[in-house]
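Q: Before I ask anything, let me first share the structure, which is written out below as structure tokens.
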Amino acid sequence: MEQNTLTRLLLLLILPAILSTTSQSSLLDDLSREPPPGFNQTIARDCENDPTTRYCNASDTKLVAIYQSKVTARYLCNASMNENCDFAFTKISLQGSPNETRLFLSLFSFWKYCRLSIRLITLSNNGLRGSFPIEILQCTQIESLDLSYNDLVGYLPLDNLSALTNLTHIDLSYNHFSGQIPGFLRRFNSSGFTFSGLTEVSPADRPVPVLSVITLLTLLAILVSSVGCLWWICPRQPDFPPTALQARVQYMFTPGMLKAATNNFSETNSVGNVGRYEVYKGMLKDGREVAVEVCRETVTSEARRAFVHECRILVQVRHRNLVQVVGWCDRKGVRAVVKAWVGNVTMEKWLSQRSHDGAPSWHQRLKVAVGVANAMGYIEEEWPRVAYDLRSSSLIVGPHREPFIFKLGVGEHISASKKVYKYGALVLELITNKRAREGFGRGEAEFVEWVRMHYPSQVRKVMDEGIKKTGTTCEQVGQVVGIALMCTDPSPDRRPGLAQMVGMITGIYESPPPVWAQHNPSSTNHGRASKGVSMQ
């Protein structure tokens, strides 16, 4: 009797972990499929039964997006343990399920057509980071919202929240929001704002003395005059940076400073060329190692102004997976960009390396894919005008297997769909260790089709020989290949959004291995592959 009780208890503990991993894999598989034949009739029946269904009134109706919305709804309904998922469900409840929550939040097609039957959304205790997940507010009929015990930051989307006319309960406690509690939310219980980061009284509500305003304006006028004088005087100094303008000095280098850092641009410090730039490894006076990219070509005054303008933008772009632009030099015929030194091993070279530990492991490759995706998400959200090169020959893999996008620029906006395609091709290269330009006459298109021919039943055949093919590894590779093939779909409309792409790849990386794999980590053919991925 005790043994049966113990068995049931163990099943209760391990079953959710197995189901969670399997469910996410199945969801991604279903999302990658075409809408079934006659799906138009399904939509027509839905709208006939309930004319208030969101996609019935959508002006930009897209068959694929609606299909993905319905697929996501089915999984989300079950994950939230609604009583009946055959009809309209009423709650979205994902407490303490961080990986599932991040995945569902990234599936924008569901939120775009969020069902009006949803009355409750609970996403508490998931360690969510970043700003308020505004997409959930497209469920406009909700009565209860719980985002407590996360790590959310920034200001609340007041316009969207104020539009929730049915809202009767909100819990934002134990987060790190900024600003004050808006008036229309003060009718709710104050416990919902405990340790939320929100304040009750805004400093803007306090009167500002007139004398303080006058004093501030006077000081501002003096500061502007001083800066103007320094700006006029400092450029006339031959080889000396304008030290009084501290904010600019930290980014501006003189030729003398760069010569000192690179041993007078010696051959021993030279590490190669990047386009028109000669690259040198150097060390600044404060001990920082840097890469100095020098362009010796003569350019027009307009080109110089464009160069400085671009550098002033790039020094502000900061992310752990982007090579930081430390500063620039544009004096005495020397144009140079100074970047943080992260090594000079490209991803292309790294994939071909064979150390005493063998080729890069699958976990290391997945870490690289996630790092690049996170950097892309940051740029898309914070610096949409910044362009970058996703070729494996332009990505650096640091000593701790951390990826860095090395080549950045400011130019014409490139569509997110094209960036997603390039990312998908890069991920396939990580898995196969094959270059599209090598052995594929039509380049990337033929390379992608070659992988697609083997998916999902023969994924093992496209995997790099250096990857150890355990059961867990093959399962994850199958999931990642599925995402990469979605990203490289010939039709841009069928590719996931960039944020959705980041959410899916991050969800796989952060998902714990199945319980069966934790107890048998050395398993190879005894492991269990994901649905449809051959182990033969």
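The values are calculated or read from the model by the stated rules, or taken from the named source; none is laboratory data. Everything quoted here is computed from the prediction, not taken from an experiment. With ideal geometry, Cβ positions are generated from the backbone for all residues, glycine too; neighbour counts draw on all protein chains shown.
Q: Does Gly183 satisfy the condition of being over 27 Å from Asn374 (Cα atoms), more than 28 Å from the chain's Cα centre (by Cα), surrounded by 16 or more Cβ atoms within 10 Å (Cβ to Cβ) and among the small types (Gly, Ala, Ser)?
A: Answer is no for this residue.
Q: If you don't mind, there's one more thing I want to ask. Within segment 140-158, is even one residue touching a Gly at 6+ places or on another chain (Cβ under 8 Å), of a type in the set (D, E, K, R) and in the same structural domain as Gly183 (by TED's automatic domain parsing)?
A: The answer is yes, given that some residue of segment 140-158 is touching a Gly at 6+ places or on another chain (Cβ under 8 Å), of a type in the set (D, E, K, R) and in the same structural domain as Gly183 (by TED's automatic domain parsing).
Q: While we're looking at this one, here's another question. For residues in segment 401-426 being part of a loop (DSSP other than H, G, I, E, B) and either at pLDDT 90 or above or not basic (Lys, Arg) (or both), which is farthest from Asp389 (Cα to Cα)?
A: Glu402
Q: Does segment 66-83 include one or more residues that are in a loop (DSSP other than H, G, I, E, B), at pLDDT 85 or above and closer than 30 Å to Pro492 by Cβ?
A: Scanning segment 66-83 turns up no residue that is in a loop (DSSP other than H, G, I, E, B), at pLDDT 85 or above and closer than 30 Å to Pro492 by Cβ.
Q: Which of the residues spanning segment 320-371 are touching a residue at least 60 places away in the same chain (Cβ under 8 Å), under 20 Å from Arg288 (Cβ atoms) and not in a strand (DSSP E or B)?
A: Arg320, Asn321, Val323, Trp341, Val342, Asn344
Q: Determine whether Thr472 is in contact with an Asp or Glu (Cβ under 9 Å, 6 or more places away or on another chain), β-branched (Val, Ile, Thr) and either surrounded by 17 or more Cβ atoms within 10 Å (Cβ to Cβ) or modelled with pLDDT of 90 or more (or both). So that I can check it myself, show each step before the final result.
A: Details: in contact with an Asp or Glu (Cβ under 9 Å, 6 or more places away or on another chain): no; β-branched (Val, Ile, Thr): yes; either surrounded by 17 or more Cβ atoms within 10 Å (Cβ to Cβ) or modelled with pLDDT of 90 or more (or both): yes.
No, not satisfied.
Q: Search segment 234-292 for residues being among the charged types (D, E, K, R) and touching a Pro at 6+ places or on another chain (Cβ under 8 Å), and hand back the single one that is modelled with the highest pLDDT.
A: In this case the residue turns out to be Arg248.
Q: Follow-up question, since we're still on this one. Looking at Glu310, Glu302, can you tell me which residue is at pLDDT below 90 and outside any strand (DSSP E or B)? Working first, answer last.
A: Details: Glu310 fails: at pLDDT below 90.
Answer to the selection: Glu302.
Q: Could you please give the count of residues in segment 417-430 that are of a type in the set (Gly, Ala, Ser) and touching a Pro at 6+ places or on another chain (Cβ under 9 Å)? Explain how you work it out, then say what you get.
A: Filtering segment 417-430 for residues of a type in the set (Gly, Ala, Ser) gives 417, 424-425.
So of that shortlist, the ones also touching a Pro at 6+ places or on another chain (Cβ under 9 Å) come out as 417.
Residues meeting the conditions: 1.
Q: Within segment 386-429, track down each residue that is more than 20 Å from Ile505 (Cβ to Cβ), under 16 Å from the mean Cα position of the chain (by Cα) and surrounded by fewer than 17 Cβ atoms within 10 Å (Cβ to Cβ).
A: Ala387
Q: Of the residues Arg129, Arg119, Arg102, which single one is in contact with an Asp or Glu (Cβ under 8 Å, 6 or more places away or on another chain), buried (at least 20 other Cβ atoms within 10 Å of the Cβ) and not assigned by TED's automatic domain parsing to the domain that holds Gly497? Break it down stepwise before answering.
A: Values: Arg129 fails: buried (at least 20 other Cβ atoms within 10 Å of the Cβ); Arg119 fails: buried (at least 20 other Cβ atoms within 10 Å of the Cβ).
Being in contact with an Asp or Glu (Cβ under 8 Å, 6 or more places away or on another chain), buried (at least 20 other Cβ atoms within 10 Å of the Cβ) and not assigned by TED's automatic domain parsing to the domain that holds Gly497 holds for just one of Arg129, Arg119, Arg102, which is Arg102.
Q: Just to be sure, is Thr432 β-branched (Val, Ile, Thr), modelled with pLDDT of 90 or more, under 26 Å from the mean Cα position of the chain (by Cα) and crowded, with 17+ Cβ neighbours inside 10 Å?
A: Yes; evaluated as a whole, the condition is true for this residue.
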